[in-house]
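Report on the following structure.
What follows is calculated from the coordinates using simple rules that are stated; it is not laboratory data. No experiment lies behind these values; they were computed from the predicted model shown. Here the Cβ positions follow ideal geometry from the backbone for every residue, glycine too, while neighbour counts run over all protein chains shown.
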Amino acid sequence: MENKDYSEFAKGKGKVGKSVEGAEKLSLGISIVVAILLGIGLGIWMKNTFHQNWLLWLGVFWGIAAAILNIRIEYKKLQKDFKEIEKDPHYKNYKMKKEDEEDLEIYEK
């Protein structure tokens, strides 16, 4: 299943653009649940077809692995968006507050 990127459309003005952007963020949560449920469904089908109990757990593992892959793909997309923001002249001279820098250092440790 191809994951389409509607972020260009979401950058437009108006209610539709905001709705598309919100739906794109919501789709990550939905894709995680769907991936795990599909893995469980596949595991149940394999267990019933081949009469091997361990195949259920294989399906669960595949579902969780697919969910993690979806998270990784979304993370890469967000990194790309942040790199574009760094190049934006509006944010070129942005300075962090001292408290924010301290929080960031604590988080990075």
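Here is the link list: LYS25/LYS83; LYS25/LYS97; LYS25/LYS77. Which ones come out longer than 23 Å on Cα distance?
Violating the 23 Å limit, Cα to Cα: LYS25/LYS97.
Can you tell me the order of 35-43, 71-79 when each peptide is scored by its average per-residue count of other Cβ atoms within 10 angstrom, highest first?
35-43, 71-79
Can you work out the FRET efficiency for the pair THR49 and GLN79, with r the C-beta to C-beta distance and R0 = 35 Å, to the nearest 0.05?
Once rounded, the FRET efficiency stands at 0.30.
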